[in-house]
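Below: one structure, written as structure tokens.
The values are calculated or read from the model by the stated rules, or taken from the named source; none is laboratory data. In this text, all values refer to a predicted model and were calculated from it rather than measured experimentally. Reconstructed Cβ throughout: ideal geometry from the backbone, glycine too, with neighbour counts over all protein chains shown. For the accessible areas, the whole protein counts, side chains as well, though only heavy atoms, and no ligand, DNA or RNA atoms are used. Shrake-Rupley method; radii C 1.70, N 1.55, O 1.52, S 1.80 Å.
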Amino acid sequence: MCGIVGYVGTQQAAPLLIEGLSRLEHRGYDSAGVAVLGQTAGLKVAKLAGRVRDLDDSLPKRFSGRAGIGHTRWATHGPANDVNAHPHIDGKGQVAVVHNGIIDNAAALRTRLTDDGVDLASDTDTEVLAHLVARSEEDTLEGKVVDALSVIEGTYGLAVMHADFPDRIVVARNGSPLIIGVGDKEMHVASDLAALVRYTTTVAHLDDGELATITASGFTTFRPDGTATQRAATLLDIDVSEYDAGEHESYMHKEMLEQPAAAERVLRGRLDERFGTGHLGGLNMDARETRAIRRVKILGCGSAYYVGQMGASLLEELARIPADAEAASEFRYRNPIIEPDTLYVAVSQSGETLDTLLAVQEIRRKGGRVIGLVNVVGSAIAREVDGGIYLHSGPEVAVASTKALTNMFIGFALLALQLGRVRDLSIADGKRLIAGLTRLPGQIEEVLAAEQDLAAIARDLADAESLFFVGRVRGFPVAREGAQKFKEISYRHAEAYQTSELKHGPLALISPEVPTVAIVPDDELADRNIGALHEIAARGGPLVVVTHAGVDLGGVPCRRIDVPRNERELDPILLTIPLQVLAYHAALTLGHDIDKPRNLAKSVTVE
Ligand code: G6P
């Protein structure tokens, strides 16, 4: 959601801002805008509800300036229209502001400004900032921004330009990421690395409560009281090509196929074969503290929540610790009881999801211990937790999570192994699981190699208006994640159910028009699952069965997908991979924009 870019240097800013904004499109947005500032030409603003390419097409011929800021907006205060799009300006058109986050006291500030005779053009919270900066009597732009922020309550990442200070942009961070990119006689700023890496990989991350001044020749960071924070830029060790879809028709396709390599990365250096355990240095817990854990509570949203349910099963099975997962978006609102001997686990690809971040803050406020399973290094959740496991998936751009989700599962397996081995999990079982984890990347590759066969099944499923995904126990979160993937990119109604619960309701809906994707691993529940398949088939329901080679489905008519066998505890992730491919090819058949599904955002930074 909402993205910020900025540039000061020797080139024309507008094309660079547009390019930067197009790199943020995947985050989800409904409107976009840019402002440029020339040494003499003053401030110019262009913004509209629509796509970045519409904005580019709409830019006037003379839209020059060697400093500029840009924004993609996800509407929160007021509808998505041209006026509410950022940048926002003051009445005289001197100040331009782009802002991510939410100003909690915007209503009071709007009233105060209106009472003072200020005309507010938009419905947004952000606009008050432009007026506050313009009305400040401080001499410097830095002073004016600090002055404005002193009356603001809420979260922000923001960038401000002022016609009287055409050589600079002032940026500030409080709860919403801002990264400065250092170039040669030019400087960039963005809310997401994806917008910077084409230009530079030398970056500085601002901390909450920090501001920075950016000019063509460099940047300085400081606190609101004016003290310098001496933040230095560092050269990132990243593969810039990871931020490009390359040959692939979409990022989701690229990211699905990257899963074997990503899985190897999350395992690297984390398997202790001698003692049959995990080696997770980042947890910041010694054996005694690890043993003292009596319960594990996992929190995440969307796919991170469903993989959290898979993680809870792993923890219960391997470590024999009671564990459950809950949607972080619900948790905070029921005044949760925080227990000192519970380990809380926050799961998030982006590390920015506001519901998850707020849940973490609530737990820590009440004295609980939280660890993170996070992909984006240095993200808000990663900074907030007591320790954690970085996922090392590489950048994930597509809204539908694939390689990050797989690495979340593996992260849970490592955690369960480590927690299990300080309890009752035997060294033999530990070694058995390590061998299983080592086999996983190759087996994921095997599943992906069957893409074309899966695509043929997906093309048939795409015809259905409504589908069921069913599974039991370990297979149920797999069904939930499968339904989630399918609905988010194909826009078909896909509902997950426990196979055992079919007869208590949904069986009434089974018909030749409603296919069921059933998860039937070769485990202790296989016979019962197969019984349910017959009940579905008897009602004419078309079936796709994800199972293991050798499972005798008793002649039930179905399309069969066999995944490789691993240790039973690790089955869920191998059963999940084909469901990603089914969702992907169904969406492709239906001609949807796979990486940017309607109404959804990659990082949901609002409640
Ligand atoms: C959004 C995305 C989902 C994602 C969820 C959690 O809703 O559309 O695909 O699973 O956020 O994101 P996170 O970055 O916290 O893993």
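Report, in listed order, any pair from LYS144/LYS185; LYS403/LYS431; LYS47/LYS144; LYS61/LYS92; LYS44/LYS185; LYS431/LYS596 with a Cα-Cα distance greater than 31 Å.
LYS431/LYS596
Which whole-percent values make up P(r) of the stretch 307-351 when all C-alpha to C-alpha distances are grouped in 5 Å steps starting at zero?
For the stretch 307-351, the pair-distance distribution reads 5, 18, 26, 27, 18, 6, 0.
In Å², what does the accessible area per residue of the chain work out to with a 1.4 Å probe?
38 Å²
Can you give me the long-range amide H partners of GLY209? Hydrogens built in the peptide plane at 1.01 Å from N, cutoff under 5 Å, separation of 5 or more residues or another chain.
Placed amide hydrogens put ARG173, ASN174, GLY175 under 5 Å from GLY209.
Between 0 and 90 degrees, rounded to the nearest ten: what's the tilt of helix 13-22 against the longest Cα principal axis of the chain?
20 degrees
Residue farthest toward the positive end of the dipole of the chain, with Cβ of Lys/Arg at +1 and Asp/Glu at -1: which of VAL95, ALA346, VAL171?
Value: ALA346.
Can you find, among ILE4, ALA32, GLY42, the residue sitting farthest towards the positive end of the charge dipole of the stretch 1-84, where Lys and Arg contribute +1 and Asp and Glu -1 at Cβ?
Result: GLY42.
Please state the charge dipole magnitude for the stretch 93-208, taken about the Cα centre, from unit charges on C-beta atoms (+1 on K and R, -1 on D and E), reported in debye and rounded to the nearest 20.
Result for the stretch 93-208 is approximately 340 debye, rounded to the nearest 20.
To the nearest 20 Debye, how big is the dipole of the chain about its Cα centre, given +1 on the beta carbon of each Lys and Arg and -1 on that of each Asp and Glu?
600 debye
When the scattering of the stretch 417-517 is computed by the Debye formula from its Cα atoms alone, each counted once and equally, what is log10 I(q)/I(0) at q = 0.14, 0.22 Å⁻¹?
One equal scatterer on each Cα of the stretch 417-517 leads to -0.73, -1.13.
Could you work out what % of the accessible surface of the chain is carbon and sulfur, using a 1.4 angstrom probe and leaving DNA, RNA and ligands out of the count?
So the carbon and sulfur contribution to the accessible surface is 47 percent.
Rounded to whole Hz and in sequence order, give me ³J(HN,Hα) for the stretch 393-406 from the Karplus expression 6.51 cos²θ - 1.76 cosθ + 1.60, θ = phi - 60°, writing x for Gly and Pro.
The phi angles translate into 7, x, x, 10, 9, 4, 4, 6, 7, 10, 5, 5, 4, 4 Hz.
Determine the shape class of the stretch 304-407: with a ≥ b ≥ c the square roots of the Cα gyration tensor eigenvalues, call it rounded for a/c under 1.5, and otherwise prolate if a/b is greater than b/c, oblate otherwise.
Oblate, since a/c reaches 1.5 and b/c is not below a/b.
Which order do the peptides 574-583, 181-190 take when ranked by the mean count of other beta-carbon atoms within 10 Å per residue, highest first?
574-583, 181-190
Taking the Cα atoms of the stretch 118-228, report the difference between the largest and smallest coordinate on each principal axis, in whole Å and largest first.
41, 27, 26
The stretch 468-607: D in µm²/s via Stokes-Einstein (Kirkwood Rh, Cα pairs, 20 °C, 1.002 mPa s)?
138 µm²/s
Restricting to DSSP H runs of at least four residues, report the calculated mean residue ellipticity at 222 nm for the chain, -39500 (n - 2.57) per run over all residues, nearest 500 deg cm²/dmol.
-10000 deg cm²/dmol
One-quarter of the Cα convex hull surface for the stretch 266-334, in nm²?
For the stretch 266-334, averaging the hull's shadow over all directions gives 5.8 nm².
Using θ = phi - 60° and the Karplus form 6.51 cos²θ - 1.76 cosθ + 1.60, what ³J(HN,Hα) does each residue of the stretch 532-541 get, whole Hz, x for Gly and Pro?
Along the stretch 532-541, the couplings run 5, 4, 5, 5, 5, 4, 4, 9, x, x Hz.
Taking only C-alpha pairs under 8 Å that are 6+ residues apart, what is the relative contact order of the chain in percent?
Reported relative contact order: 12 percent.
Where q = 0.26 Å⁻¹, what log10 of I(q)/I(0) comes from the Debye formula for the stretch 542-591, counting one point per Cα?
So the normalised log intensities are -1.03.
Order of 61-73, 276-288 by packing, highest average Cβ count within 10 Å first?
61-73, 276-288
For the chain, place one equal point scatterer on every Cα, skip the solvent, and apply the Debye formula. What is log10 of I(q)/I(0) at q = 0.05, 0.09, 0.12 Å⁻¹?
-0.24, -0.74, -1.17
Which order do the peptides 525-538, 352-365, 405-418, 478-491 come out in when sorted by mean C-beta neighbours inside 10 angstrom, highest first?
Top of the packing list down: 405-418, 478-491, 352-365, 525-538.
Given GLY387, THR126, ALA464, which one lies farthest toward the positive end of the charge dipole of the chain, if we put +1 on the Cβ of every Lys and Arg and -1 on the Cβ of every Asp and Glu?
GLY387
Only Cα pairs under 8 Å and at least 6 apart count here; give the relative contact order of the stretch 145-302 as a rounded whole percent.
14 percent
Assuming a ≥ b ≥ c are the square roots of the Cα gyration tensor eigenvalues, decide whether the stretch 212-291 counts as rounded (a/c under 1.5), prolate (otherwise, with a/b larger than b/c) or oblate.
oblate
Which percent of Cα pairs goes in each bin when the distances of the stretch 209-253 are cut into 10 angstrom slices starting at zero?
21, 28, 21, 23, 7
Which of the lysines could a cross-linker bridge to LYS503, judged by Cα under 28 Å and excluding same-chain residues fewer than eight apart?
LYS485, LYS487
Angle between the Cα long axis of helix 475-490 and the longest principal axis of the chain, 0 to 90 degrees, nearest 10?
So the inclination is approximately 50 degrees.
What residues qualify as long-range amide H neighbours of PHE165, i.e. H under 5 Å apart, gap of 5 or more or another chain, H built at 1.01 Å from N?
none
Using the crude model of +1 on Lys and Arg Cβ and -1 on Asp and Glu Cβ, and no other charge, please compute the dipole size for the stretch 129-190 relative to its Cα centre, in debye to 20.
The dipole of the stretch 129-190 has a size of about 220 debye.
May I ask you to evaluate 6.51 cos²θ - 1.76 cosθ + 1.60, the Karplus curve with θ = phi - 60°, for each residue of the stretch 101-111 and list the ³J(HN,Hα) values in order in whole Hz, giving x for glycine and proline?
With coefficients 6.51, -1.76 and 1.60, one gets x, 9, 8, 5, 9, 4, 4, 5, 5, 4, 4 Hz.
Mind pulling the angle between the C-alpha long axis of helix 303-314 and the longest principal axis of the chain? Nearest 10 degrees, somewhere in 0 to 90.
Relative to the chain, helix 303-314 is tipped by roughly 40 degrees.
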